[in-house]
1. Which of the residues belonging to region 1-51 are acidic (Asp, Glu) and either farther than 18 Å from ALA110 by Cα or under 15 Å from the mean Cα position of the chain (by Cα) (or both)?
2. Quick check on my filter: what residues within region 99-118 are touching a Leu at 6+ places or on another chain (Cβ under 7 Å) and closer than 12 Å to GLN145 by Cα?
3. Quick one: count up the residues across region 1-32 that are over 15 Å from ASN100 (Cα atoms), in contact with a helix residue (DSSP H, G or I) (Cβ under 7 Å, 6 or more places away or on another chain) and outside any helix (DSSP H, G or I).
4. In region 1-57, how many residues are surrounded by fewer than 17 Cβ atoms within 10 Å (Cβ to Cβ) and of a type in the set (Phe, Trp, Tyr)?
5. Quick test of your reading of the structure: GLY114 fulfils all but one of (1) touching an Asp or Glu at 6+ places or on another chain (Cβ under 7 Å); (2) modelled with pLDDT of 80 or more; (3) on the phi < 0 side of the Ramachandran plot. Name the failing condition by number.
6. I need the full set of residues from region 19-48 which are closer than 16 Å to GLY114 by Cα and either aliphatic (A, V, I, L, M) or touching a strand residue (DSSP E or B) at 6+ places or on another chain (Cβ under 6 Å) (or both), in order please.
7. Restricting to region 85-111, and then to whatever is at pLDDT below 60 and loosely packed, with under 13 Cβ neighbours inside 10 Å, can you tell me which residue is nearest to LEU4 (Cα to Cα)?
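The values are calculated or read from the model by the stated rules, or taken from the named source; none is laboratory data. Everything quoted here is computed from the prediction, not taken from an experiment. We place every Cβ from the backbone using ideal geometry, glycine too, and count neighbours over all the protein chains shown.
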Amino acid sequence: MSELIVIAFDDEATGFELRAELVKMQRDYLIEMEDVVVVTRPAEDDIKLHQAVNLTAAGALGGGFWGTFIGLIFLNPLIGAAIGAASGALAGQLSDVGINDDFMRDTARALPPGGSAVFVLVRKMTADKVLDRLQSFHHRGRILQTSLSQADEDRLRDALSGGDAVPPVPPAAPPVTGA
């Protein structure tokens, strides 16, 4: 089951810094994300979503490839590529993968103008190592919303608020066997 984490910042740059750090952690196999989006609010009535993957461009590229391939079969690769790219771009623009865009826009209304928020959909992570890597974000972010357990949310809140130490998650008690 995936967990949603939304962290807000008072400036736009810090949101992009956090996303870059999360991507590095994913490359190091410390976290597995389904989606990560930076939402900025440059002005009072302006909210922008900065998706990690441009679905329209990806759809056009994939559609162009398949259209060319099918066009070669029917001896007309240029028309096939054009039709494939157009249909792929349309499919990419209409698809919404990961976190719901309307939810992100509604949540971002709580940001001050000039602020940002990072929306992360986490599949799994090594919590202690991820929290250690977030040391540079002490006193810079605040949690807007999570679907984490209360204990995990408190650990993340402590890490972002600059607590001296993040307490380890206690191990589960061993099952009691009857003798």
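1. Hits for region 1-51 are GLU3, GLU17, GLU21, ASP28, GLU32, GLU34, ASP35.
2. MET104, THR107, ALA110, ALA117, VAL118
3. Selection size over region 1-32: 5.
4. Going through region 1-57 one residue at a time, the tally reaches 2.
5. (3)
6. Listed by number, the residues that qualify are VAL38, VAL39, THR40, ARG41, ALA43, ILE47, LYS48.
7. Among them, the one singled out is VAL97.
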